[in-house]
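Everything below concerns the one structure shown next.
All of the numbers you see were taken from the coordinates with simple rules; none came from a lab. These numbers come from a predicted model, not from an experiment. Cβ placement follows ideal geometry from the backbone for every residue including glycine, while neighbour counts extend to all protein chains displayed.
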Amino acid sequence: MGQGFSRVVLAVVLAVAAGSAAAQAPQVVTYKTAGEQALSAHLFAPSDVAARPRPAILMFHGGGWVAGEPAWTYPAARRMQAQGLVAIPIEYRLSGETATPADALSDACDAFAWLRAHAAELGVDPQRVAGYGVSAGGHLVAAAGLGGCAEGIKGPDLLLLWSPALDLAQDGWVRRLLGGADPATISPLSLAARGGPPAVIVQGAADTLTPARGAQAFCAALVQANGACDLHLYPSLGHLLTRNLDNQESDFDPDPVARADGEARLDAFLVAHGYGSKP
């Protein structure tokens, strides 16, 4: 990427610092090319990013590994940008004829490697890189943080997980997407025994897509491995904190009070670990 990438990052910094209207939208750059597919990173930088290295957070949308786009995490990215983080929603390969959840995990790992390799240009502190993942995106963040990346690639230093898919070992849907391969090899719960970075989880207690028992077992495994895990369960709410328990795959009706509380829990977690401040 070289000088061209540096010019793009400089343009981001100047636009945000100037407070222009264009700065309200992210700057989109390519972090990886997989075959013929260019995968994008969407940069939300705070206004003083050029003054000193800032903590960063890579953000991964949900969608069952087969749907979704980086824009789904834009609202959370803007909230974290306001707290002083460089927030970066990430595009990853969706499962289909040629890609699988294992490929998506490879993309997530490469995104963390790309960020650290370009930390100076981005104004990022490479020692403070968090990961935020929703549902299937939570799987990618957690697996990357627990040693699921190729040798030499470091995943996130903090895990922020919203209704995450953590227990994949017996998941028939994931097995089909993997073409019959064993999901346990990329399951965060299977990886948790080795320990990992501090984690915070926001989870509906009545979630039928990514059941709360997976989050509970994941947290217990991390703690047993001398790690830290804060689990926040919300009674009578389903996937993504929906109040519509009969249909948790679509027609979401998130409880606004629980959602606000969950966001506050994530914000407090970041502040406690030196990553942000209240806007």
Item to check | Peptides 117-127, 76-86 ordered by average Cβ neighbours within 10 Å, highest first | outcome: 76-86, 117-127
Next on the checklist: Apply the Karplus curve 6.51 cos²θ - 1.76 cosθ + 1.60, θ = phi - 60°, to the phi angles in segment 226-233 and return the couplings in whole Hz, x for Gly and Pro.
Outcome noted: 6, x, 10, 8, 9, 9, 10, 9
Checklist outcome for this item: Comparing Leu189, Leu58, Leu209 in a Gaussian network model of the chain (Cα, 10 Å), the one with the largest mean-square fluctuation is Leu209
Next on the checklist: Output the 0 to 90 degree angle, nearest 10, between the alpha-carbon long axis of helix 136-145 and the longest principal axis computed from the alpha carbons of the chain.
Outcome noted: 70
Checklist outcome for this item: Here, Ala217 and Ala38, labelled 7 Å along Cα→Cβ, have an inter-label distance in nm of 4.2
Checklist outcome for this item: Measuring from the longest principal axis of the C-alpha atoms of the chain, the long axis of helix 2-18 (C-alpha) lies at a number of degrees, nearest 10, equal to 90
Checklist entry - So, counting K/R as plus one and D/E as minus one, what does the shell of residues with Cβ under 15 Å around Leu39 add up to? => result -4
Checklist entry - How many nm separate the modelled label positions at Lys154 and Ala117, each set 7 Å beyond the Cα in the direction of the Cβ? => result 1.6
Checklist outcome for this item: Under 5 Å from the placed amide H of Gly63, counting only residues 5+ away or on other chains, we find Ala136, Gly137
Next on the checklist: Given a 10 angstrom Cα cut-off, can you work out which residue in His232, His42, His139 is the most mobile in a GNM of the chain?
Outcome noted: His232
Item to check | Viscosity 0.692 mPa s, temperature 37 °C, Stokes-Einstein D of the chain from Kirkwood C-alpha radius, µm²/s | outcome: 176
Checklist entry - For the pair Phe252 and Trp173, what calculated FRET efficiency results from E = 1/(1 + (r/R0)^6), where r is the Cβ-Cβ distance and R0 = 25 Å, to the nearest 0.05? => result 0.85
Checklist outcome for this item: Sorted by chain and number, the residues with a modelled amide H under 5 Å from that of His273, at a separation of 5 or more or across chains, are none
Checklist outcome for this item: At 4 °C and 1.567 mPa s, the Stokes-Einstein diffusion coefficient in µm²/s for segment 13-159, with hydrodynamic radius from the Kirkwood sum on alpha carbon pairs, is 86
Checklist entry - Which log10 I(q)/I(0) values, to two decimals, does segment 218-279 give at q = 0.17 Å⁻¹ under the Debye formula with one point per Cα? => result -0.75
